[in-house]
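J.: The structure is given below, and queries will be raised subsequently.
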Amino acid sequence: MIINLRGQGSNQIKIYNAWLINPFFAYSLVWTVVIFLYALSPAKINLPINQGLLAFFLVTIIISAVCGFFFSKKFQGKVFKVKVPHFSVALLFAIIALYCLEFIYSGNIPLLFYLFFNDDIMASDVYMNFGIPTLHVLIVTFSIFYCIYCFLLFIVTRNLKFLIPSGVCILYFVLIFSRGALVFIACALVIIYFAGRPIYLRHALLIALLAFVAAMLFGIFGNIRSGYAWNDSYAIMDIAKIEGDRYGFFSPLYWVEEYIVCSFRNLNYNVSLENNITYDTSDLITALVIDFVSKRIVTNDISFSLVVPALSTGTMYILPYRAMGYLGMTLNFIIYCLAALIVACSKMRNFECKVVCLALMFGLYVLSPFDNMLWYSGYSFALFIGYIYGYVKINTSRKQKPKSNRLRIVLRKPV
């Protein structure tokens, strides 16, 4: 069951199996994996899973799986034409110019700083202070969308020139050392790439190998950003109270394991506490409304308890829980479902934009165990850009008048 994104003369996208771009499936899959890994985690700071929380996730996983079944039926076997745009050299140079402007404004390239100049200053400070205020978010989110969009055009047309913008965008995220953005993009690219072909055993082995390499690099970068040697995982092992060899070959993988389960650990801890719900409407707005809007509506910050201060995330559900308990969590789950339905039911005639949006939505759902990704504009605004871009193209195409099919007869004088 696949999505065929291969060029077929007329540049078509044919959906053989929609589960590969199914955000409901992503929700059910990722939360099942998180709960399973939490139960097997070697960290000594884990609490037993709260029974009420476990019941909530079992119910939402089942509901999401049912919604995913109907989602797949909607797209199964459908064929859509792709309107391939002209390759814009001007846009590519404008993007590169903005990247250079950010490096000049910040006065450093974070990757090089982490590798060579991080003895006196915390690497995390360089990362948090990088970029031009306000403009940085727009650059990041557009780059995420444009990278995935151009990669899809390459899959459809097999034209290598569409790989150039994707490569430039990925290089930018490598240079600014944004591991989260790279994981987000990689998730979407893998989905789109393997969507157009059957997945054989060699493909599964290749995916497993790439995932292992990516996980190792993620952990190595984590060691470096923490100020330790590339092969020294002391920082994460000390924080999570994990026993073992800090220099072990597989020790960088603890970064991946902790990133996956630490947010659930904090959520589980807060649910287990008594009298830990504020029942404050302003807190609910902060928890459920996208950040650049909520910050202008309410001024108070909502916080939550942490198992350890260094691991400060709490899944997509922790702020809604602090505001309204299980009611807040249920509202957030409904919002995620509605967002997926809006994208799935939108009338985008250029279906490649919808595929990009669904891939982005899939990525947002995959990252939902870390934070409320629809609330965080640093990622979700890329989905908004793709959604608007699809509709702008629709409106443009509707303004074009169809060519006349009338027969023209021209009379000529006899010779």
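The values are calculated or read from the model by the stated rules, or taken from the named source; none is laboratory data. Owing to the predicted nature of the structure, the values given are computational and were not obtained by experimental measurement. A quick note on method: Cβ atoms are made from the backbone with ideal geometry, for glycine too, and the neighbour counts reach across all protein chains shown. The accessibility values were calculated without ligands, DNA or RNA, using every heavy atom of the protein model including side chains. Shrake-Rupley method; radii C 1.70, N 1.55, O 1.52, S 1.80 Å.
J.: Kindly indicate which of 272, 294 is in contact with a helix residue (DSSP H, G or I) (Cβ under 6 Å, 6 or more places away or on another chain) and either hydroxyl-bearing (Ser, Thr, Tyr) or open to solvent by 50 Å² or more (accessible area, probe 1.4 Å) (or both).
T.: Residue meeting the stated conditions: 294.
J.: Now for a separate question. Name the residue that is nearest to residue 369 (Cα to Cα), counting only residues in the range 247-271 that are outside any helix (DSSP H, G or I) and either modelled with pLDDT under 85 or among the small types (Gly, Ala, Ser) (or both).
T.: Among those residues, the one meeting the criterion is 251.
J.: For residues that are of a type in the set (Phe, Trp, Tyr), more than 26 Å from the chain's Cα centre (by Cα) and assigned to a helix (DSSP H, G or I), tally how many sit in the range 200-246.
T.: 1
J.: Follow-up. Within the range 74-107, how many residues are surrounded by 15 or more Cβ atoms within 10 Å (Cβ to Cβ) and under 16 Å from residue 129 (Cα atoms)?
T.: Selection size over the range 74-107: 4.
J.: Now for a separate question. Filter the range 59-85 down to residues that are outside any loop (DSSP other than H, G, I, E, B) and in contact with a helix residue (DSSP H, G or I) (Cβ under 7 Å, 6 or more places away or on another chain), then give me how many there are.
T.: Counting residues in the range 59-85 that are outside any loop (DSSP other than H, G, I, E, B) and in contact with a helix residue (DSSP H, G or I) (Cβ under 7 Å, 6 or more places away or on another chain) gives 11.
J.: Only residues that are outside any helix (DSSP H, G or I) and without any contact (Cβ under 8 Å) to a residue 60 or more places away in the chain: list them for the range 86-105, please.
T.: Across the range 86-105, the qualifying residues are 86, 88.
J.: Just for the range 312-332: of the residues that are assigned to a loop (DSSP other than H, G, I, E, B) and open to solvent by 20 Å² or more (accessible area, probe 1.4 Å), which one is modelled with the highest pLDDT?
T.: Among them, the one singled out is 313.
J.: Hey, does the range 225-235 have a residue that's on the phi > 0 side of the Ramachandran plot and small (Gly, Ala, Ser)?
T.: yes
J.: I would also like to ask the following. Tell me which residues, restricted to the range 341-395, are part of a loop (DSSP other than H, G, I, E, B) and either modelled with pLDDT of 85 or more or of a type in the set (Asp, Glu) (or both).
T.: 367, 368, 369, 370, 371, 372, 373, 374, 375
J.: Hey, does the range 228-240 have a residue that's among the polar types (S, T, N, Q), open to solvent by 40 Å² or more (accessible area, probe 1.4 Å) and within 25 Å of residue 261 (Cβ to Cβ)?
T.: Checked the range 228-240: at least one residue is among the polar types (S, T, N, Q), open to solvent by 40 Å² or more (accessible area, probe 1.4 Å) and within 25 Å of residue 261 (Cβ to Cβ).
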